[in-house]
Each structure stands twice: as structure tokens, then as C-alpha cells.
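The values are calculated or read from the model by the stated rules, or taken from the named source; none is laboratory data. Keep in mind the model is a prediction, meaning the values are calculated, not measured. Backbone-built Cβ (ideal geometry, glycine too); neighbour counts: all protein chains shown.
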Amino acid sequence: MTRLSLTTLFVFLSITHLVGQKAEFLFSTGMGFYSMGDLKALNQELQQQIPFETRIVTDFPPYFQFGGQVAFKVYPIYRIGLKYMFSTTGSRISSADYSGEYYFDNVINGHTIGLINSFRLYTFKTIELDFQVNLGVIFSTIKMEEFLNVFDTTVSGNSRFTSTGFFAEPVLQATYQWNVLKMGVFMGYLLNRGGKITTSDGAKTSSYADWSGFRFGIVFGLTTGKSAQSLPVNSEHE
């Protein structure tokens, strides 16, 4: 049997095994805090170069994020799965008076795709406390737009950049299950490494898109598993 056939057979058997396990499908939404140190420094440098007075209206503030996850129970106290999260934030430098208007907008979107490693720490009736160690990549798109209008003259332009970095995310998640419904809350910290900002023609800059920061929110969805009450930690069989 060829190597390709063996690999295909292994993947097929792995997927078949996971599908046969207890599964959960959860949506998540919450608030993310983002470091963005290099992009904040860029705003300060740009302010110094502009020959008129400006102010930073917003500077990559915390913002809502949303996504979803699917996980399979492969052991009584361990789940493995995949998660996706969309995050966005941005900044604006602005100035306006009787003679005209100026602004510089910087909007960054992040697509987080990762592997869920979830360990059950504690159960009480239908309440479950899990500790997750999530690992994966963050794909970022950045749009910078500059606009200047002085009397009858208008100048504008925009640039687009990308970034790809890795992340590790420890998370505590507490959930409550009622029949097939599951809901809960989570809190954690995402640590982002790598992610050099790249121009549209493929040139890497010296700046990074850093999504590191605190996260918290809620999860809700469906599960095919039994409630935590019927699954004690020391059980050895489903």
C-alpha cells in the first residue's frame, strides 16, 4: 500500500472515530482587548510628521468578537476540536476646522483559526468547569486610508496589508447543560507571536500585528453528550 493510501486511510479512520464521539457545537461572542503596540507607535510617529495639529480619536480599543467551535469528547475528561473567531479594531487620527478636514484611518481584522484542547477540571450536577489550551494561527488584513480636504483641494489614498502569526490561548470556561442545550461563560488570555505586517507586493515590514490581550464572553449551542451530572470525573467508560 502506498504512503498516500496509508495517509488517506489514517485520516478517514480518525474522522470516523471523532464523528462517533459525543460532540458539541457552540457559538461564542465576547470582548477582546488588543495590544497592537507597533500600530499605536505608528500613529504617534505619524502625528509628529503632520504639519498641523491632530488628535488620536481612537487607538485600537477593545471590541466585540464572535465565532464558533466544534469539539468531540475522546476521553471522559478531554475534548479536542476546532475554533474560529473574528476580531476587529482600529484607530483614527483626525483634524478639522474652517479650512478643511484630515483623517487617517487604520482598520485591522483578524481571523483566528485554532485547535481546542479542553480538560474538564470540575463538575457539579449540570455545571462543568473546563481548562482549555488553544493553539493556532491568526490571519490579519489591514486597511489604512488617508484623506485630506483643504478648501477646494482633496487628496486621498489607501493601502492594504496582511499578516500571519501564531497564538496560544489558555481559557477557563464554565458551562451549564440542559438536555441538548449548552451555555456558559469564558475568560482567558491570547498570546500572539509572529505576524510581521506585509505589504500588498509581498515586502515584510518591521512592524507586527499583535492581538495579544484579555478575552471574555459567552458560549451557547448544542451538544450530543450527556450532562455533566451523569459523567463523573473518575468514570472510565461512556
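A few comments on the model shown:
- Qualifying residue in the stretch 126-140 (condition: surrounded by fewer than 17 Cβ atoms within 10 Å (Cβ to Cβ), part of a strand (DSSP E or B), at negative phi and in contact with a helix residue (DSSP H, G or I) (Cβ under 7 Å, 6 or more places away or on another chain)): yes
- Contacts under 8 angstrom Cβ, first residue in the stretch 147-168 being closer than 24 Å to Asp97 by Cβ, partner assigned to a loop (DSSP other than H, G, I, E, B) and modelled with pLDDT under 95, 6 or more apart: Val150/Ser99; Phe151/Ser99
- Hey, Lys143 free of Cβ contacts under 8 Å to residues at least 40 places away in the same chain, in a strand (DSSP E or B) and basic (Lys, Arg) or not: yes
- Top-ranked residue in the stretch 41-67 [being within 13 Å of Phe104 (Cβ to Cβ) and touching a helix residue (DSSP H, G or I) at 6+ places or on another chain (Cβ under 7 Å); ranked as surrounded by the most Cβ atoms within 10 Å (Cβ to Cβ)]: Thr54
- Within the stretch 84-97, none of the residues are over 24 Å from Gly30 (Cβ atoms) and not in a strand (DSSP E or B).
- Among (1) at pLDDT 95 or above; (2) touching a Ser or Thr at 6+ places or on another chain (Cβ under 9 Å); (3) within 30 Å of Thr199 (Cα to Cα); (4) surrounded by 15 or more Cβ atoms within 10 Å (Cβ to Cβ), the one test that Gly114 misses: (2)
- Total residues in the stretch 157-195, condition in a strand (DSSP E or B), under 21 Å from the mean Cα position of the chain (by Cα) and modelled with pLDDT under 95: 2
- Condition check for Leu39: within 15 Å of the chain's Cα centre (by Cα), modelled with pLDDT of 95 or more and within 30 Å of Lys204 (Cα to Cα): no
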